[in-house]
Each structure stands twice: as structure tokens, then as C-alpha cells.
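The values are calculated or read from the model by the stated rules, or taken from the named source; none is laboratory data. Just so it is clear, the structure is predicted and the values come from calculations on it, not from any experiment. Note: ideal-geometry Cβ built from the backbone for every residue, glycine included; neighbour counts use all protein chains shown. Each accessible area value is taken on the protein alone, full model and side chains, heavy atoms only, with ligands, DNA and RNA left out. Shrake-Rupley method; radii C 1.70, N 1.55, O 1.52, S 1.80 Å.
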2 protein chains.
Amino acid sequence: MKYRIGIDLGGTNIKAGVVDEDNRIVAYDTRPTDADRPFAEVVLSMAQSAKDAAAQLDLTLADFPCLGVGTPGSVQRKFGKVLRAGNLNWYDVPLRDELQKHVSTPVYVGNDADCAAAGESIAGAAKDYNNVLLFTLGTGVGGGIIIEKKIFSGGDGLGAELGHIPLVFEGVHCTCGIDGCFEAYASVTGLIRQTREAMAAHPDSLLNNLAEERGVVNGRTPFDAAKAGDAAALAVIDRYISYVAAGIGGCISIFRPEIVLLGGGVSQEGAYLMDPLNERLPKYVFGSAYNGVPMAIQATLGNDAGVIGAAYLDIV
Amino acid sequence: MKYRIGIDLGGTNIKAGVVDEDNRIVAYDTRPTDADRPFAEVVLSMAQSAKDAAAQLDLTLADFPCLGVGTPGSVQRKFGKVLRAGNLNWYDVPLRDELQKHVSTPVYVGNDADCAAAGESIAGAAKDYNNVLLFTLGTGVGGGIIIEKKIFSGGDGLGAELGHIPLVFEGVHCTCGIDGCFEAYASVTGLIRQTREAMAAHPDSLLNNLAEERGVVNGRTPFDAAKAGDAAALAVIDRYISYVAAGIGGCISIFRPEIVLLGGGVSQEGAYLMDPLNERLPKYVFGSAYNGVPMAIQATLGNDAGVIGAAYLDIV
């Protein structure tokens with residue numbers, strides 16, 4: 001049996017996983033990142049986590065073709081460097097070289113969203129496809145691009161920012177600093193803003209009841225109210241789906257993938273989101289009547305996608 | 001001396017050119033397309049045009065590594081097929097196979113905008129760069145994507161439609177059928193519309209004088225009036241440049257090219273367009289403060305780009 005090993009580095013946890021030939025995670029180690037520690041200590045924990053995951057199968061890291069790491073932030077993959085990872089407070093960090101000091105197999109470093117897209121294209125919802133776009137609809141909108149089974153992250157490796165194409169010229173200010181980005185409308189954050197606006201405009205709507213009852217407005221609030229037939233919520237969801245369709249449609253017109261994957265919190269709504277989204281996509285894809293439109297489906301690997309994709313960083 | 005040969009097929013003219021090792025066009029043949037003829041006759045003229053261009057150097061087509069053709073429309077490069085070229089009235093046409101019947105060197109077929117981008121990246125303004133975006137600001141907005149010196153035209157070859165990403169959600173209807181495309185605002189057509197709106201709102205502006213004097217409103221009208229200091233025209237150009245910057249900025253955030261080329265009518269405005277555009281681009285590029293922003297410059301090969309790019313279709 002040939003195994004692979006990958007690490008998904010997060011702001012909160014380090015997760016190392018061993019992947020078997022069927023791309024199942026067969027051993028797992030997780031430990032806190034403690035990102036406020038010096039960088040070298042975090043890296044030492046990463047090495048230890050990988051070694052411990054391997055040890056569960058009586059293996060050492062020398063038994064693996066590589067150790068791949070998916071990290072948040074801007075990554076220069078070629079140099080294994082993290083240029084900037086805000087939630088780790090890392091700037092210009094030589095992650096590969098530092099980790100390599102502790103590890104007897106070649107280390108590869110990639111962006112975590114790229115690794116997730118690669119994981120889905122190797123072992124998840126996109127495993128039968130060569131050209132894939134992944135959109136993560138979470139706090140922000142992450143993008144992953146797979147071209148002929150390889151990660152594409154832009155000429156200098158700092159691209160694939162599908163959440164930051166324009167959507168509403170001179171629209172809502174995005175956390176990235178640009179006005180009117182796709183992310184500002186299609187993220188959970190954007191959806192919550194749209195929900196709050198509807199709550200203010202329609203104080204008698206079920207949205208307000210739900211918010212009061214639960215003590216919170218989150219991405220589920222408008223979906224739950226819409227499913228119960230609330231008119232204000234239905235209008236929020238309808239418009240939100242158009243925003244999502246317009247942004248994804250523009251990216252399809254560029255990349256013409258065979259499949260589009262949605263991950264992140266909002267994707268959990270499943271068919272209630274996907275069905276109207278797929279119905280609406282042709283309206284936003286160039287030449288859709290002739291060229292056809294790829295399906296948008298839910299990503300399937302969830303949190304495992306990053307570990308699996310990282311484990312293949314030597315070849316994706 | 002090793003030569004290459006390419007054809008730029010247009011709705012009006014067939015242009016065949018022989019390219020030398022320094023990527024200069026050293027022989028040229030042009031003849032009318034007469035697109036209303038049967039397809040096979042147009043293809044015969046293409047073969048004859050290429051042979052005649054070669055004959056000017058006492059060569060036959062067997063002396064060239066390939067014969068490349070850039071054609072308008074949606075092209076399946078792999079199969080050498082034109083799925084749709086509206087201005088030729090071609091649908092599902094086996095261009096490569098038909099042309100190959102008359103030609104003793106391998107025939108390659110690509111989209112004309114892709115060939116233009118390839119030509120610029122081989123011999124023009126982008127020859128020192130591996131990753132390039134070309135935007136043609138003409139009647140529409142064409143896009144050409146070069147990744148590591150190769151044409152990228154999407155998973156199924158029908159993409160790279162950079163003019164059809166969203167720009168203004170629920171905005172002006174684009175000729176492609178989608179509302180609010182980048183093209184609807186950044187094309188010459190879009191600029192003329194914006195100019196006419198300003199003329200209606202400011203009847204005393206120089207825009208109106210120029211239009212009356214020349215008997216026409218075209219892409220030069222607002223630029224000429226702006227250069228003369230007309231306030232309404234300055235506002236049109238200012239906003240137009242923001243539209244262009246927003247669309248290009250979004251594409252930079254995805255592709256992170258080393259250079260951005262502008263072609264088409266509007267690009268003739270040179271520094272008057274490029275300087276403020278380059279000043280404004282950082283506002284629309286994700287992470288521009290850290291990652292930097294590539295320069296936008298004018299494409300240099302003009303109409304020759306398509307022939308030169310086509311001549312290299314076997315390797316780009």
C-alpha cells in the first residue's frame with residue numbers, strides 16, 4: 001500500500017492526515033496551532049504532527065513521496081514561502097525551508113484553498129473532471145482553480161482570487177479594500193448584511209422573529225425563513241442567488257470548467273441553493289445557449305479536502 | 001532562414017503572411033473573404049493566399065512547420081473546428097480538415113483574439129513576458145490569455161471571454177445577452193453610449209459641437225473634447241477609465257500576469273488613456289499594496305499580431 005501525507009495548517013489547528021491509495025484519510029493527528037508562538041515553534045509542531053500521524057501506521061516520513069502543507073495566506077509555491085498570512089501573523093516566512101529541517105521527505109507548500117480544490121478534484125466531487133472551479137462561500141469567497149488536474153494560482157502564484165472580480169460597480173466596500181467585489185455580495189458576511197437590510201425594511205418578517213428567538217443573525221436565518229415561506233426572506237435569497245450566479249457565471253465564461261463546486265457554510269443548504277442556482281446560471285454565462293453550462297454541485301470532502309490536496313502537492 | 005506562415009481570417013479579408021526568424025512579416029497576400037460563398041470556396045481561397053505568400057519567397061507550404069489560421073468565433077482548437085462564427089455565418093465547420101485537403105503541411109486553427117495575444121507575446125509588446133492578458137477595446141471587448149507563453153482558452157476552448165465578467169450588476173444589456181458585462185461599459189460601443197448620455201445631459205458641451213461638426217459620435221469624440229478641457233467629456237473619460245480599470249483589475253486578481261496589453265480602437269489614445277488607467281488600477285487589484293500591480297501598455301503589432309500568432313499555433 002502506498003500512502004501520502006498532508007497537513008492542513010489553520011489559524012486554530014494543525015491537522016496532519018495520512019491518505020491511502022483510495023484517498024481515504026486513514027490516520028490523523030491534530031494539535032493547536034498556537035499562532036502567537038514564534039514561527040519556528042509552530043513549524044516544529046507541524047513536523048511532530050505529521051510524524052505522529054505516520055507513526056499510527058508504523059511509518060516514518062521517509063516512507064512518503066512528499067509532505068505537503070496547505071497554509072492560509074498568499075503563498076509563493078515555487079519558493080515554499082508564505083508572503084502574508086494575516087490569521088497567523090506571518091509575513092515573508094520560509095515555511096518550506098524551515099519545515100524541511102525536520103523532515104526526511106521533500107516538503108511542498110501551497111495555499112489552503114488551492115489544496116482544497118485539488119483535494120476535491122482528486123478524491124471528491126470533481127474527481128471525474130479535469131477542469132474545475134471551486135467557490136467557498138464562507139466568511140469570504142475563496143476561489144480554487146484546477147486546469148487539467150493542476151492547481152492554477154496565477155502567473156506569480158498570488159492570483160485565483162475569484163471572490164474579487166467586480167460584481168456591483170461602486171458597490172459595497174469589500175474587506176479587501178475594493179468596492180463592489182463578488183465576495184462582498186456572495187459571502188456569508190454579505191448574505192447577513194442583505195438579511196439585516198431586509199429585517200430593517202420589513203420589521204414584521206419572520207426574519208426578525210428568527211433572529212430574536214436565536215439571538216443571532218447568521219447565514220441560516222434567511223434560508224430558514226425563506227423555507228417557511230416568508231416573503232422578505234424569499235426576496236433576500238432570490239437576490240443572493242442572482243449575485244452568486246452572476247459571479248460564478250463570469251468565471252465560467254473565462255475558464256469553461258466541466259464542473260463547479262461550492263463549499264463553505266452556504267453550500268450546506270444543498271438543493272435549496274443549488275437547484276435555483278443551476279437554473280439561473282445560463283443567464284450569466286457567455287454563449288450558454290450554444291456552449292452549454294457546467295453544473296454547480298456541492299463539494300463533498302469538507303474539511304478533509306485540504307489535507308488530501310496537500311498530500312498531492314508534488315503533482316497537482 | 002526558417003520561416004513560418006499564418007493566416008488571419010476576417011469577415012472582410014483573408015490575410016496570409018510569412019514570418020521570418022525575427023518575427024517580421026516578410027511576405028504578404030490578402031484577398032477578399034467573400035463570406036457569402038460556400039465554406040469550401042473560402043477555404044480554397046485561404047489555401048491559395050498562403051501558397052501565393054510563400055511563393056513570393058520561392059517557397060511552398062511544405063517548407064513550413066505548419067500553417068496556422070486565426071479565425072473569428074468559437075473555436076474547438078483540438079478538433080480544428082469553428083463552432084460558430086457569426087460574421088462568416090459559419091456553424092460547426094471543420095475548417096482544419098477542409099483546409100488540410102489543399103495543404104501539404106499540418107494545419108492548426110485557433111481563435112483570432114487568442115492568436116493576437118500569442119503574436120504579441122511572441123513578437124510584440126509582451127515578448128519579454130510569460131504571463132499576459134490582452135484586452136481589445138473595440139466594438140466589443142476581446143480577451144486573450146497567455147499562461148507560460150501558451151494560449152489559455154478555457155477547459156473546452158470556448159472561454160477566455162474576459163469581456164463578459166460582470167461589472168455592473170443588473171446594468172446595461174450586453175450584446176451577448178447578459179446584463180451589465182464589462183464589455184457593455186468598456187467597449188467603444190459602451191463609450192459611445194456614455195458619450196451620448198453626457199451630450200443629452202449637457203447640451204452646451206463641446207461633445208455636441210464636435211459631434212455636429214464631424215457628423216458622427218465615435219470613440220474619439222469624448223477623448224478629443226476631454227483633451228480640449230470640456231467638463232462633460234472629462235467626466236465621461238474619468239468614469240470610462242474606472243470601468244476599464246475595474247474589469248482589468250478583477251482579471252489581474254485572477255491571472256496575476258506580468259503585463260497587461262490593450263489593443264483595439266480606444267488603445268490608440270496612448271498615454272492619455274494609459275497613464276490614468278495605470279494610476280487607478282491598484283484600486284481594483286486584490287492585495288495590490290503587497291502583491292504589486294502589472295503595468296497596462298499598448299499592444300504594438302496591431303493587425304499583424306493575428307498573423308504572427310497564427311504562424312506559431314503549433315507551439316503556443
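Some points to look at:
- Test: residue in the range B:201-215 that is touching a Leu at 6+ places or on another chain (Cβ under 9 Å) and either closer than 20 Å to residue A:281 by Cβ or not basic (Lys, Arg) (or both): no
- Flag: residue B:102 matches the condition of being out of contact with any strand residue (DSSP E or B) (no Cβ under 8 Å at 6 or more places or on another chain), at pLDDT 95 or above and not aliphatic (A, V, I, L, M).
- Checklist (1) part of a helix (DSSP H, G or I); (2) away from every other protein chain (no Cβ under 12 Å) applied to residue B:216, failing item: (1)
- Pairing each residue of the range A:65-82 that is farther than 24 Å from residue A:51 by Cβ with any residue that is part of a loop (DSSP other than H, G, I, E, B) and of a type in the set (A, V, I, L, M, F, W, C), provided the two are 6+ apart or on different chains, yields C-beta distances under 8 Å for A:74/A:158; A:76/A:158.
- Qualifying residue in the range B:133-140 (condition: more than 8 Å from chain A (Cβ to nearest Cβ), closer than 20 Å to residue A:283 by Cα and modelled with pLDDT under 95): yes
- The residues on offer are A:186, A:160, and the sole one that is in contact with a Ser or Thr (Cβ under 7 Å, 6 or more places away or on another chain), within 20 Å of residue B:249 (Cα to Cα), open to solvent by less than 10 Å² (accessible area, probe 1.4 Å) and modelled with pLDDT of 95 or more is A:160.
- Qualifying residues in the range B:288-316 (those that are of a type in the set (Val, Ile, Thr) and crowded, with 24+ Cβ neighbours inside 10 Å) - the one farthest from residue B:129 (Cα to Cα): B:307
- All conditions but one from (1) modelled with pLDDT of 95 or more; (2) open to solvent by 10 Å² or more (accessible area, probe 1.4 Å); (3) in contact with a Phe, Trp or Tyr (Cβ under 9 Å, 6 or more places away or on another chain) apply to residue B:170; the one that does not is (3).
- The number of residues in the range A:52-93 that are among the hydroxyl-bearing types (Ser, Thr, Tyr) and within 13 Å of chain B (Cβ to nearest Cβ) comes to 2.
- Residue match in the range A:302-310 (condition: touching a strand residue (DSSP E or B) at 6+ places or on another chain (Cβ under 8 Å) and within 14 Å of chain B (Cβ to nearest Cβ)): no
- Candidates A:145, A:122, filtered to the one that is within 11 Å of another protein chain (Cβ to nearest Cβ) and touching a Phe, Trp or Tyr at 6+ places or on another chain (Cβ under 9 Å): A:145
- Scope the range A:101-127; condition over 25 Å from residue A:261 (Cα atoms) and buried (at least 24 other Cβ atoms within 10 Å of the Cβ); matching residues: A:107
- Hey, residue B:208 free of Cβ contacts under 8 Å to residues at least 12 places away in the same chain and polar (S, T, N, Q) or not: yes
- Among residues of the range B:16-28 that are within 19 Å of residue B:99 (Cβ to Cβ), those with a beta-carbon under 8 Å from a residue that is assigned to a strand (DSSP E or B) and among the hydroxyl-bearing types (Ser, Thr, Tyr) at least six positions away or on a different chain give the pairs B:16/B:28; B:16/B:30; B:17/B:28; B:18/B:28.
- Residue in the range B:59-79 that is touching a Leu at 6+ places or on another chain (Cβ under 9 Å), over 21 Å from residue B:116 (Cβ atoms) and open to solvent by 50 Å² or more (accessible area, probe 1.4 Å) present: yes
- Within the range B:219-276, considering residues that are more than 19 Å from residue B:117 (Cβ to Cβ), in contact (Cβ under 8 Å) with a residue 24 or more places away in the chain and not in a helix (DSSP H, G or I), the one nearest to the other protein chains (Cβ to nearest Cβ): B:219
- Condition check for residue A:265: surrounded by fewer than 24 Cβ atoms within 10 Å (Cβ to Cβ), out of contact with any helix residue (DSSP H, G or I) (no Cβ under 8 Å at 6 or more places or on another chain), farther than 18 Å from residue B:166 by Cα and not basic (Lys, Arg): no
- The range A:96-206 holds strands (runs of 3 or more DSSP E) entirely within its bounds, and those carrying 2 or more residues that are in contact with a helix residue (DSSP H, G or I) (Cβ under 9 Å, 6 or more places away or on another chain) and among the small types (Gly, Ala, Ser) map to A:141-147.
- Filter pass, residue A:236 being within 19 Å of residue A:164 (Cβ to Cβ) and out of contact with any His (no Cβ under 9 Å at 6 or more places or on another chain): no
- The lone exception for residue A:98 - which of (1) open to solvent by 20 Å² or more (accessible area, probe 1.4 Å); (2) under 13 Å from the mean Cα position of the chain (by Cα) it fails: (2)
- Positions within the range B:128-157 being surrounded by fewer than 22 Cβ atoms within 10 Å (Cβ to Cβ) and either within 14 Å of residue B:301 (Cβ to Cβ) or of a type in the set (A, V, I, L, M) (or both), in sequence order: B:147
- Members of the range B:29-58 that are open to solvent by 50 Å² or more (accessible area, probe 1.4 Å) and within 12 Å of residue B:102 (Cα to Cα): B:41, B:44, B:48, B:51
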